[in-house]
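Novice: One structure is given below, represented as structure tokens, and several questions about it will come after.
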Amino acid sequence: MNYFVTGTDTGVGKTYVSALMIRALRAAGGDTVGLKPICCGDRDDAEVLREAAGNELEIDDVNPVWFRMPAAPYTASMVENRLPDLDQIRERFQRIRGQRRSLIVEGVGGWLVPICRDFSIADLAAEMGLPVLVVAANRLGALNHTLLTVEAIQARGLQCAGVILNNVEGTADPATTTNRAVLEHLLNVPLLHEIDLGQRSLDLRAR
């Protein structure tokens, strides 16, 4: 299985979900590794993905482009006065994909976060050509954010493989208790999983 993991926003749990998927696929006998092509701020997300795959890759392979400023890549690149090395991202992706049957690539922020003035996370995902998984935080606003993200993915002619609803806040209210049922009614892609805060495994057979 190969996926590009995006989110409805930043802080929705993309890394958490990506690591769950990597561990589950490896437990099922896969050779799955994770890539985080761009990090802004620290490299904690890349380290989590690396650890989930048994530290089989070097950190600079998992995360070839690292900005120290915790902001959108385009913003960070202007502040740090250096362009993101897209060719390095492409080289790492092509090389590692050629070595592995299974690859999880995690984006940064949401679907349209700018990397350069005329190049976004959506453009990077389109170049890679992987099915796209959407991670949505289960909270008020999730319906709008999820539907907009899925629509934007499909408008580019890409395959949206489904949505994973993440209970990031661990609290119950009218929105969090109804979002799943409403999304299952409205989405034209599968709602694959609803996961809970602190969950340590993912049943890939579950729907």
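Novice: Going by alpha carbons, how many degrees (0 to 90, nearest 10) lie between the helix axis of 142-155 and the longest principal axis of the chain?
Specialist: Value to nearest ten degrees: 50.
Novice: Could you list the square roots of 5 times each eigenvalue of the Cα gyration tensor of region 2-196, that is, the equivalent ellipsoid semi-axes, sorted largest first and rounded to whole Å? Walk me through the intermediate numbers first.
Specialist: Details: eigenvalues 133, 76, 51 Å².
The three semi-axes for region 2-196 are 26, 19, 16 Å.
Novice: Would you pull out the residues with amide H under 5 Å of G110's amide H, same chain only if 5 or more places away, H placed 1.01 Å from N?
Specialist: Amide H to amide H, under 5 Å and 5 or more residues apart or across chains, G110 pairs with T10.
Novice: Further, regarding this structure: With Kirkwood's inverse mean 1/r over C-alpha pairs for Rh, give me the Rg to Rh ratio of region 63-129, two decimals please.
Specialist: 0.97
Novice: Between D123 and D44, with labels modelled 7 Å along Cα→Cβ, what's the label distance in nm to one decimal, could you check?
Specialist: 3.0
Novice: For region 1-107, what number results from the quotient of the Cα radius of gyration and 2.2 N^0.38 Å?
Specialist: That ratio works out to 1.04.
Novice: Can you give me the long-range amide H partners of N2? Hydrogens built in the peptide plane at 1.01 Å from N, cutoff under 5 Å, separation of 5 or more residues or another chain.
Specialist: Close amide H contacts, sequence-distant or interchain: L103.
Novice: Which whole-Hz ³J(HN,Hα) couplings does region 77-87 yield from phi under the Karplus relation 6.51 cos²θ - 1.76 cosθ + 1.60, θ = phi - 60°, glycine and proline marked x?
Specialist: Each residue's phi maps through the Karplus curve to give 5, 5, 5, 8, 6, 8, 7, x, 7, 5, 5 Hz.
Novice: Can you give the FRET efficiency to the nearest 0.05 for D85 and D196, using r as the Cβ-Cβ distance and R₀ = 22 Å?
Specialist: 0.05
Novice: What order do you get for C160, C116 when you list them from fewest to most C-beta neighbours inside 10 Å?
Specialist: So the residues, fewest neighbours to most, are C116, C160.
Novice: With unit charges on the beta carbons (Lys and Arg positive, Asp and Glu negative) and the dipole taken about the Cα centre of the chain, which residue among L186, V135, T15 sits farthest to the positive side?
Specialist: Most positive-ward Cα: L186.
Novice: Hull surface divided by four, with the convex hull built on the Cα atoms of region 100-139: how many nm²? Write down the numbers at each step before the final one.
Specialist: Working: hull surface 14.7 nm².
The directionally averaged projection comes out at 3.7 nm².
Novice: So, one more: If you plug each phi of region 46-52 into the Karplus form 6.51 cos²θ - 1.76 cosθ + 1.60 with θ = phi - 60°, what whole-Hz ³J(HN,Hα) values come out, in order, with x for Gly and Pro?
Specialist: Residue by residue, region 46-52 yields 5, 5, 5, 5, 4, 5, 4 Hz.
Novice: Magnitude of the Cβ-charge dipole of region 2-196, K/R +1 and D/E -1, about the Cα centre, nearest 20 debye?
Specialist: Dipole size: approximately 340 debye.
Novice: Tell me, what ³J(HN,Hα) does each residue in region 56-68 have, in order and in whole Hz, if you take phi through Karplus 6.51 cos²θ - 1.76 cosθ + 1.60 with θ = phi - 60° and put x for Gly and Pro?
Specialist: 6, 10, 6, 4, 6, 7, 5, 10, x, 10, 10, 9, 7
Novice: If amide H atoms are built 1.01 Å from N in the plane of the peptide, which residues on other chains or at least 5 residues away come under 5 Å of the amide H of L191?
Specialist: V163
Laboratory data are not the source of any read-out in this text; all were calculated from the coordinates shown. None of the values given here were measured: they were computed from a predicted structure. Note that each Cβ is placed from the backbone with ideal geometry, even for glycine, and that neighbours are counted across all protein chains shown.
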